[in-house]
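Participant: Quick one: structure below, then a few questions.
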Amino acid sequence: MLIVQKYGGTSVGSIDRIKNVAQRVVRTAKNGNQVVVVVSAMSGETDKLIGLAHQIAANPQEREMDLLLSSGERVTTALTAMAIEDLGVKAKGFTGWQAGIVSDAVHTKAKIEKIASERVKAALHEGYVVVVAGFQGITSEGDITTLGRGGSDLSAVAVAAALGADACEIYTDVDGVYTTDPNIVPEARKLEKISYEEMLELASLGAKVLQTRSVEFGMKYDVPIIVRSSFNDNPGTLVTKEDADMEQVVVSGVAYDKNQAKVTIKGVPDKPGIAAQIFKTIADANIIVDMIVQNTSTDGKSTDLSFTVAKTDAKKTLALTEGILKGLGAEGVDMRDDVAKISVVGVGMRTHSGVAATMFETLAQHGVNIMMISTSEIKVSCLIELKYMELAVRALHEVFGLAGGAEE
Ligand code: ADP
Ligand code: ASP
Ligand code: MG
């Protein structure tokens with residue numbers, strides 16, 4: 001079998017842990033498998049590098065940011081290859097570009113366009129374990145890019161798809177995908193399997209156990225993804241196609257996202273074309289807008305328009321909106337980032353009603369005010385004050401009956 005194994009930051013966070021990874025890899029290789037290992041930077045390293053850049057400039061050039069951030073994964077790639085060799089198995093490390101990972105040029109959140117996997121295939125053929133640096137790619141112009149936070153998951157799934165791997169194993173610091181973050185709710189239950197669609201919602205709603213785009217990619221190319229712990233041999237969670245059992249469960253998980261900021265443009269003229277102008281300006285800067293609420297005007301002339309963006313894009317969004325305020329004829333703009341989005345997800349919502357009502361009622365019972373709401377076929381999200389986030393996640397986890405022993 002050809003197996004892709006991705007080890008996250010905590011799993012390669014120290015020399016001992018890198019040695020532990022090497023042992024697991026060697027065990028898999030000695031069982032007769034071809035192995036491609038994708039590694040993240042040591043935990044905390046990417047944040048440390050971002051911190052260094054911000055000591056120099058408030059808004060560092062994104063091209064240079066990528067050059068800087070990609071260095072973290074390069075370190076662990078080389079060290080992991082060395083640790084595997086040290087155990088007597090041939091290993092070769094590759095940076096993203098050496099592994100042929102070609103991306104677009106949207107620095108800091110580039111999308112993989114294609115993978116020219118000849119070198120990786122040749123090395124596997126020659127009997128090497130291949131170690132690939134996660135989180136990075138190269139543009140067709142030859143510039144180094146990174147794939148967005150948590151992007152090593154995407155590297156792994158994309159490499160698995162390109163190589164037609166039999167499995168893509170994501171090794172992390174928890175045993176699998178849980179009904180909610182087990183670090184916040186200890187009663188959270190591990191799921192034996194979850195559909196791509198639910199995982200995609202959970203990930204995009206903040207459950208960082210898998211990066212959103214990695215799930216999207218896995219779903220598109222039918223890559224079976226297994227999330228497991230690098231610290232034990234417990235069975236993990238399989239991310240796969242939806243089946244009939246999954247629909248029986250109305251709510252399968254609760255997610256939270258602290259990386260949110262709410263922008264409100266006040267006194268916006270209530271006439272056609274205004275929203276288009278605002279959101280085009282923001283989209284042109286490659287900023288993703290999430291929730292949007294526009295009130296109807298009471299005087300027939302003006303209204304308030306609120307929307308959310310990632311906290312990391314908040315300053316840029318504020319500057320852009322301030323820049324177009326006059327042209328819009330709006331009164332002003334406000335931003336607050338002490339907010340969080342909490343969401344409940346489940347494919348069973350397609351056939352069961354009442355989830356939103358239960359969610360709102362539960363929040364109300366705990367005195368939590370809802371600032372914004374958004375829904376899709378299989379999720380309901382509410383924007384609330386950040387200070388109530390953990391309380392709300394626990395209450396929702398409980399009311400939807402998600403707690404219980406591990407599902408095996
Ligand atoms: P890695 O460094 O291995 O990529 P991450 O920190 O990116 O690991 O992701 C693992 C973390 O995801 C866990 O430690 C946990 O706190 C968090 N998490 C959030 N939601 C969930 C969930 N539903 N199931 C499991 N883990 C979750
Ligand atoms: N090191 C990168 C990050 O911290 C990528 C990853 O770990 O997946 O976001
Ligand atoms: Mg991660």
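The values are calculated or read from the model by the stated rules, or taken from the named source; none is laboratory data. Note that the coordinates shown come from a computational prediction; the quantities given were computed from them, not determined experimentally. Note that we place each Cβ from the backbone using ideal geometry, even for glycine, and neighbour counts take in every protein chain shown. The area values use the complete protein model at the heavy-atom level, side chains included, leaving out ligands, DNA and RNA. Shrake-Rupley method; radii C 1.70, N 1.55, O 1.52, S 1.80 Å.
Participant: For the stretch 65-87, enumerate the residues that are out of contact with any helix residue (DSSP H, G or I) (no Cβ under 8 Å at 6 or more places or on another chain), more than 20 Å from R17 (Cα to Cα) and either within 16 Å of ligand 1 (Cβ to nearest atom) or open to solvent by 20 Å² or more (accessible area, probe 1.4 Å) (or both). If you could, list the steps in order and put the result at the bottom.
Facilitator: Just the residues of the stretch 65-87 that are out of contact with any helix residue (DSSP H, G or I) (no Cβ under 8 Å at 6 or more places or on another chain), to begin with: 66-67, 70, 74, 77-78, 81-82, 85.
This time we only want the ones that are more than 20 Å from R17 (Cα to Cα), so: 66-67, 70.
Selection gives L67 alone.
Participant: May I pose another question? Could you list, in sequence order, the residues of the stretch 139-172 that are open to solvent by 10 Å² or more (accessible area, probe 1.4 Å), closer than 22 Å to T240 by Cα and of a type in the set (D, E, K, R)?
Facilitator: Those that are open to solvent by 10 Å² or more (accessible area, probe 1.4 Å), closer than 22 Å to T240 by Cα and of a type in the set (D, E, K, R): D166, E169.
Participant: Among the residues of the stretch 121-137, which ones are more than 8 Å from ligand 2 (Cβ to nearest atom), touching an Asp or Glu at 6+ places or on another chain (Cβ under 8 Å) and within 23 Å of V26 (Cα to Cα)?
Facilitator: Within the stretch 121-137, just A133 meets the criteria.
Participant: Next question. Considering (1) of a type in the set (D, E); (2) under 21 Å from K280 (Cβ atoms); (3) surrounded by 14 or more Cβ atoms within 10 Å (Cβ to Cβ), say which one D337 fails and leave the rest.
Facilitator: (2)
Participant: Only residues that are touching a Ser or Thr at 6+ places or on another chain (Cβ under 8 Å), open to solvent by less than 10 Å² (accessible area, probe 1.4 Å) and β-branched (V, I, T): list them for the stretch 88-138, please.
Facilitator: Answer for the stretch 88-138, where residues must be touching a Ser or Thr at 6+ places or on another chain (Cβ under 8 Å), open to solvent by less than 10 Å² (accessible area, probe 1.4 Å) and β-branched (V, I, T): I101, V131, V132.
Rundown of residues vs (1) part of a helix (DSSP H, G or I); (2) modelled with pLDDT of 95 or more; (3) among the β-branched types (V, I, T); (4) surrounded by 16 or more Cβ atoms within 10 Å (Cβ to Cβ), yes/no style:
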position	(1), (2), (3), (4)
L325	yes, no, no, yes
H352	no, no, no, no
T358	yes, yes, yes, yes
E361	yes, yes, no, no
N369	no, yes, no, no
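Participant: Scan (1) over 23 Å from the mean Cα position of the chain (by Cα); (2) assigned to a helix (DSSP H, G or I); (3) farther than 26 Å from V26 by Cα for the single condition S140 breaks and write down its number.
Facilitator: If we test S140 against (1) over 23 Å from the mean Cα position of the chain (by Cα); (2) assigned to a helix (DSSP H, G or I); (3) farther than 26 Å from V26 by Cα, just (2) comes out false.
Participant: What number of residues in the stretch 89-119 are within 18 Å of T28 (Cα to Cα) and either within 16 Å of ligand 2 (Cβ to nearest atom) or not basic (K, R) (or both)?
Facilitator: First, the residues of the stretch 89-119 that are within 18 Å of T28 (Cα to Cα): 89-93.
Checking the rest, the ones that are also either within 16 Å of ligand 2 (Cβ to nearest atom) or not basic (K, R) (or both) come to 89, 91, 93.
Result for the stretch 89-119: 3.
Participant: With E141, E216 as the choices, which residue is closer than 25 Å to D104 by Cβ, in contact with a Phe, Trp or Tyr (Cβ under 9 Å, 6 or more places away or on another chain) and of a type in the set (D, E)?
Facilitator: Working: E141 fails: in contact with a Phe, Trp or Tyr (Cβ under 9 Å, 6 or more places away or on another chain).
After applying the criteria, what remains is E216.
Participant: Cβ-Cβ below 7 Å, separation at least six or inter-chain, first residue in the stretch 4-20 and under 14 Å from T77 (Cβ atoms) and more than 10 Å from ligand 3 (Cβ to nearest atom), second open to solvent by 40 Å² or more (accessible area, probe 1.4 Å) and among the hydrophobic types (A, V, I, L, M, F, W, C): which pairs?
Facilitator: V12/M42; I18/L79
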